[in-house]
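These notes concern the structure reproduced below.
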Amino acid sequence: MYQSTLTYDQLNISLSEIYQQMGYGSKVPGEDVQTEVQALVGQIRTILKARFCYFITKGTPLADRHTLQVMGKDFLIGRIIGAQLRGAGAYALFVATAGSEYEAFQQQLKQQGDMVKIFIADAIGSVIAEKAADCMEESLQQEIKPYGWQHTNRFSPGYCGWDVSQQQLLFPLFGSLTPCGVSLSPSSLMQPVKSVSGIIGVGQKVRKLEYTCGLCNFKDCYKRKKRITNVE
């Protein structure tokens, strides 16, 4: 299993990505908000230890193509993800997180009761987790490139018809119930909350596509949200 710890600067987060996550779309907020964001970023830069981990393993799509068997576990990934993973020769299972240090930072802000800072930090945390997952994909691509392999989009429990409860099957496959320091609650909520987990198909017959939101009816998907704010 490959693991890495990332600083804030290594994530290459732009202010526009933070503003977009905050709901501004392509617009720039007022100077007072910009000042708050930049001040929080300065604090976060000193404490952040984002992390990701992944490993590559074989898997077998079952006859219905909606179920993927990996390491003896049956993942009910559903029609949409099953179609996107079709042709994969192997699969990368991953976890990426903003980290426990960031979780503690958010808790400190909540204790202070400043709702503006809490809102901004929540948005930044979401960006951090996704950017950590982006770095994971980049690392994965470098590992599989010598074999002439490509990879699919990443897919997570809770999206595209894959029930979030299946994280209870996913996490033990890492050899630890807390990969990258991320744990699961009985209801499959990840802790730290700003974390991402899931699966990626790899092989010579797969490729990464634009997220096809028209195939999925999950209105709160972060990819759908990003797409909507871009056109406002």
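Computed values, structure above
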quantity	calculated
Residues that are at pLDDT 95 or above, in contact with a helix residue (DSSP H, G or I) (Cβ under 7 Å, 6 or more places away or on another chain) and crowded, with 18+ Cβ neighbours inside 10 Å, drawn from segment 71-87	Phe75, Leu76
Segment 143-187, residues that are surrounded by 18 or more Cβ atoms within 10 Å (Cβ to Cβ), outside any loop (DSSP other than H, G, I, E, B) and small (Gly, Ala, Ser)	Gly181
Residue selected from segment 1-52 under the condition of a type in the set (D, E, K, R) and in contact with a Leu (Cβ under 8 Å, 6 or more places away or on another chain), by the criterion nearest to Pro172 (Cα to Cα)	Arg51
Matching residues in segment 37-55 - criterion: being open to solvent by less than 60 Å² (accessible area, probe 1.4 Å) and either farther than 19 Å from Ala98 by Cβ or touching a strand residue (DSSP E or B) at 6+ places or on another chain (Cβ under 9 Å) (or both)	Leu48, Ala50, Arg51, Phe52, Cys53, Tyr54, Phe55
Subset of segment 175-190 (residues that are without any contact (Cβ under 8 Å) to a residue 60 or more places away in the chain and either at positive phi or not aliphatic (A, V, I, L, M) (or both))	Ser176, Thr178, Ser183, Ser185, Pro186, Ser187, Ser188
Some residue of segment 211-222 being within 20 Å of Ala50 (Cβ to Cβ) and at pLDDT 90 or above	no
Unmet criterion (only one of (1) in contact with a Ser or Thr (Cβ under 8 Å, 6 or more places away or on another chain); (2) of a type outside the set (Lys, Arg); (3) surrounded by 14 or more Cβ atoms within 10 Å (Cβ to Cβ)) for Gly23	(3)
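The values are calculated or read from the model by the stated rules, or taken from the named source; none is laboratory data. Nothing here was measured: the structure is a model prediction, and the numbers come from that model. For neighbour counting, all protein chains shown are included, and Cβ atoms are generated from backbone atoms with ideal geometry for every residue, glycine included. These area figures cover heavy atoms from the full protein model, side chains too; ligands, DNA and RNA do not enter into them. Shrake-Rupley method; radii C 1.70, N 1.55, O 1.52, S 1.80 Å.
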